[in-house]
Amino acid sequence: MKLIVSISTLLLAASLANAQVVVIDPTAIARSQANQVVNLAKYVQMVNNQVQQINTLTQQLQQTQAYVKAFGDPEQLLNIVGADELMNSLNASGVGQTIGELQQSVSGVEALRYNANGLYTSLGSTFTTPGGIQVPRTEQLYRRYGAIQKSSRNFQSVTDDVLSRRENLRSEIATTTQRLQASTTDAETQKLTGVLVGYNAELGAVDREIDQAAAQVATQDVENRADREREEQARREERQAQMEESFRRYGEVFRLETSPPQFPTGR
């Protein structure tokens, strides 16, 4: 019986010797928990940073939206009131002609027929001498007066055209000013202001067309006066030469006797 108990004891001890023993390390557990706390703290910090970035981006977006609301989006303002009309006015050319064009188109026949809407009396292309002879007028002599008449008609045409265009520009300026007063964004205000400045500049340029046409009339008149003085100077020179030639010929025909006179002697 004792032998059986001893064998059983030995077998039990051998089986216990082959079994694994579970060991608990408190230090490792504490270290692992500390690492988990650190990682959790880092994760919380990362989340806080992302939340802060999101808040910053949200504020920037709100600021951008507020800016667009206050100043407007220039890319969306493509059809500004008055811009097309201003471009059409800038591209339009006046009806006035240059002084060279006027001089080249002058006709002496037209100058003879000109009556300024009945204010003057037209001259015929011929005139009658006291002897009843019909003499044609020299057309070339009247071209200078035709130049003045052409310049005067050009001035009248420019004035009528400028007054019409000026009225349209003033109307567009009033419309643009009203739209400027009702603008709600800075972008629209700036663009409308630019259009308004352009209209005022165009109005000044149109007004100067009248001054230019008037200056052409004055210039042509000065040229005519200078030409008359030139012809008068030429006639004086010709008369002087004719007088000198006449005196010379007179001296050749009628020579003065320079020898002493001979008186007859008495018988």
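Counting neighbouring Cβ atoms within 10 Å and putting the fewest first, the residues Leu119, Leu180, Leu141, Leu192 line up as Leu119, Leu141, Leu180, Leu192.
Take the Cα coordinates of the stretch 158-246, assign each an equal point scatterer, and use the Debye formula without solvent to give log10 I(q)/I(0) at q = 0.14, 0.16, 0.23 Å⁻¹. For the stretch 158-246, the Cα-only Debye profile gives -0.68, -0.77, -1.04.
Taking θ as phi - 60° and the Karplus parameters 6.51, -1.76 and 1.60, the scalar couplings of the stretch 167-181 work out to 5, 5, 5, 5, 5, 5, 5, 5, 5, 5, 5, 4, 5, 5, 5 Hz in sequence order, x denoting glycine and proline. Loop-located chymotrypsin sites (Phe, Trp or Tyr not before Pro) in the stretch 83-156 (DSSP state other than H, G, I, E, B) with a sparse environment of at most 13 neighbouring Cβ atoms within 10 Å: Tyr120. The percentage of C-alpha pairs in the stretch 74-251 whose separation is greater than 28 Å is 53%.
Full extension of the chain segment joining Arg248 with Ser171 gains 20.0 nm, where the gain is 0.36 nm per residue of separation less the Cα-Cα distance.
Laboratory data are not the source of any read-out in this text; all were calculated from the coordinates shown. Just so it is clear, the model here is predicted, and its values are computed rather than measured. Glycine gets a Cβ as well: all are built from the backbone with ideal geometry, and neighbour counts include every protein chain shown.
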